[in-house]
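Undergrad: What follows is a single structure, and I will ask about it in a moment.
The values are calculated or read from the model by the stated rules, or taken from the named source; none is laboratory data. It should be emphasised that the depicted structure is a prediction, and the values quoted were computed from it without experimental measurement. Glycine gets a Cβ as well: all are built from the backbone with ideal geometry, and neighbour counts include every protein chain shown. Remember, those area values only see protein heavy atoms, side chains included, never the ligands or the DNA or RNA. Shrake-Rupley method; radii C 1.70, N 1.55, O 1.52, S 1.80 Å.
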Amino acid sequence: IEEETRKLAGNEKNVVKDLIELQVDDPNVRDLTVVDLPGIARNPIADQPKDIHKQTTDLIRHFIRQEGSVILCVFPANVDIATVESFTIARECDPTGERTIGVITKSDL
C-alpha cells in the first residue's frame, strides 16, 4: 500500500483523488468498500500545496456526500467535540446524523 501511495501521490504527503484498491475475497462476508480518507490538514508541510486545507476538506466532502456512505468521525478524547471540524463537515452532508458515527480515540489522554 505504501508503494502504491508513493506512485500516486509522491513522497511529499500530497492529496490525490485516485484510489488504491485492495480486494479481499471471502464467500462468508458481504461486500464492503472502506475509504480511508486523510485527516484535515490545516498547514502545508514539506512541498504540500498552500491550499492543502481546501484539498483535504474537498476530498472528504466528495466521499461523504454519497447517500450510501457511513461517516466515521475519528477524534482524540482530549479535544472539545464542539470544535471538531470533521463533525462540522459531516453535519453538512448528513444533517440528521443518521449516517454519522463518532469514534473517540486516545482515551488515555
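Undergrad: Contact list please: Cβ distance under 7 Å, first residue in region 12-41 and exposed (fewer than 11 other Cβ atoms within 10 Å of the Cβ), second residue assigned to a loop (DSSP other than H, G, I, E, B) and of a type outside the set (Asp, Glu), pairs at least six apart or on different chains.
TA: Leu22/Ile1
Undergrad: Restricting attention to region 72-92, does a residue exist that is surrounded by 13 or more Cβ atoms within 10 Å (Cβ to Cβ), under 25 Å from Ser107 (Cβ atoms) and of a type in the set (Lys, Arg)?
TA: Yes, because at least one residue in region 72-92 is surrounded by 13 or more Cβ atoms within 10 Å (Cβ to Cβ), under 25 Å from Ser107 (Cβ atoms) and of a type in the set (Lys, Arg).
Undergrad: Further question: Out of everything in region 60-71 that is open to solvent by less than 50 Å² (accessible area, probe 1.4 Å) and β-branched (Val, Ile, Thr), what residue ends up being nearest to the chain's Cα centre (by Cα)?
TA: Ile60
Undergrad: Hey, another quick one. Just need a number here: residues in region 93-107 that are surrounded by fewer than 12 Cβ atoms within 10 Å (Cβ to Cβ) and closer than 13 Å to Phe75 by Cα.
TA: Selection size over region 93-107: 5.
Undergrad: Just checking, how many residues over region 62-80 are closer than 16 Å to Cys93 by Cα and either touching a Lys or Arg at 6+ places or on another chain (Cβ under 9 Å) or assigned to a helix (DSSP H, G or I) (or both)?
TA: Summing the residues that are closer than 16 Å to Cys93 by Cα and either touching a Lys or Arg at 6+ places or on another chain (Cβ under 9 Å) or assigned to a helix (DSSP H, G or I) (or both) in region 62-80 gives 8.
Undergrad: Does region 89-109 contain any residue that is of a type in the set (Val, Ile, Thr), touching a Lys or Arg at 6+ places or on another chain (Cβ under 6 Å) and in a strand (DSSP E or B)?
TA: no
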